[in-house]
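Here is the structure we will look at.
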Amino acid sequence: MNHTTERTLSDEQIAQYERDGFLVARDMLPVEEVAALREHFMAMHARGVPGYYEPPRDDEGGDILRRYPRIMHPHRVDELSKDYMLDARLESVLRDLFGEEPLAAQIMLYVKPPGARGQALHQDDLYLRTAPGDCMAAWVPLDDADEENGGLFVVPGSHKTEIQCPHLADLTRSFTTEEVDVPAGMEPVLVELKAGDVLFFNGSVIHGSYPNTSSQRFRRAFICHYVGHSTTEMSAGYYPLHTFAGETLERGRAEGGGVCGTEAADALHQARRGELALP
Ligand SMILES: O=C(O)CCC(=O)C(=O)O
């Protein structure tokens, strides 16, 4: 078991996370390890997993993301993905930030090639529906991530605002269909990261990314989502949860939620067509 009673983070780092809703841990993974991960994930991407996610398609149809779709839940079919989702280095930071044992819910892989759209501003808690408390993301860049190649933006302090009902995003800039507004007086800021850094952020923080405008630079990242051990319910699509000791478990099933970035938009579209009444 990876349990340790010693803290990894300083009081200042924990206070900064609580104030801003995010924390950058620099140089968590050695560059050689990140290079090996890039290779592993690109090979997986090229292979596809029939019956699980679509192998990359050659006919782009004007959208490069058809050839490079994000891969949801690779930990269910790929041991290395699961190992990283349950990595002890991530666990120690998560434990300090949650203030309790973390449980892993999912991992997603984004390849984001040159020309790819981003993911409009949103809050993960809308989809994971964790209660009580918030989920947390560990966003692990596999390339240096900056404004040019579509790095991640966060809105500092927005985890202290309400979870918003999204509206339709600008689909020329976002591959997901929903977007939330930036609260008055707040601004999205780019979190510039080097491959090997890890960004941790609270599930209520408004965040997202814009298109990759570079001509040659991919912006690969894997993103893991976690909840605290005291969670009593969440969206069932993320079950089973994983302990860092390797057990699986479930909690209660929250209403709604679903795959990050699509569920609420589907509901909005259905509502517009008069098939569903929104509360
Ligand atoms: O990596 C991105 O571009 C967006 C990721 C994101 O918003 C998320 O993981 O919820």
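Within the set 1, 28, 42, the sole residue that is at pLDDT 85 or above and either at positive phi or not in a helix (DSSP H, G or I) (or both) turns out to be 28. Residue count for segment 15-35 satisfying the condition of being of a type in the set (Asp, Glu) and surrounded by 12 or more Cβ atoms within 10 Å (Cβ to Cβ): 3. Across segment 219-239, the qualifying residues are those that are more than 10 Å from the ligand (Cβ to nearest atom) and among the small types (Gly, Ala, Ser), and the one among them that is surrounded by the most Cβ atoms within 10 Å (Cβ to Cβ) is 235.
Looking at this structure, is residue 220 under 23 Å from residue 74 (Cα atoms) and among the basic types (Lys, Arg)? Step through it out loud before you land on a result.
On the way: under 23 Å from residue 74 (Cα atoms): yes; among the basic types (Lys, Arg): yes.
In short, yes.
Would it be correct to say that residue 49 is modelled with pLDDT of 95 or more, out of contact with any helix residue (DSSP H, G or I) (no Cβ under 6 Å at 6 or more places or on another chain), aliphatic (A, V, I, L, M) and closer than 24 Å to residue 82 by Cα? Step through it out loud before you land on a result.
On the way: modelled with pLDDT of 95 or more: no; out of contact with any helix residue (DSSP H, G or I) (no Cβ under 6 Å at 6 or more places or on another chain): yes; aliphatic (A, V, I, L, M): yes; closer than 24 Å to residue 82 by Cα: yes.
In short, no.
This table checks each residue for (1) part of a strand (DSSP E or B); (2) under 16 Å from the mean Cα position of the chain (by Cα).
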| position | (1), (2) |
| --- | --- |
| 153 | yes, yes |
| 159 | no, yes |
| 165 | no, no |
| 172 | no, no |
| 204 | no, yes |
| 211 | no, no |
| 222 | yes, yes |
| 225 | yes, yes |
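Residue 215 meets all of the listed conditions (1) closer than 16 Å to residue 64 by Cβ; (2) surrounded by 14 or more Cβ atoms within 10 Å (Cβ to Cβ) but one, namely (2). State all residues of segment 183-218 that are farther than 28 Å from residue 103 by Cβ and either within 15 Å of the ligand (Cβ to nearest atom) or aromatic (Phe, Trp, Tyr) (or both); if no residue qualifies, say none. Those that are farther than 28 Å from residue 103 by Cβ and either within 15 Å of the ligand (Cβ to nearest atom) or aromatic (Phe, Trp, Tyr) (or both): 188, 189, 190, 192, 210, 211, 212, 213, 214, 217, 218.
The values are calculated or read from the model by the stated rules, or taken from the named source; none is laboratory data. Worth saying up front: this structure is predicted, and the values here are computed from it rather than measured. Glycine also receives a Cβ, built like all others from the backbone with ideal geometry; neighbour counts cover every protein chain displayed.
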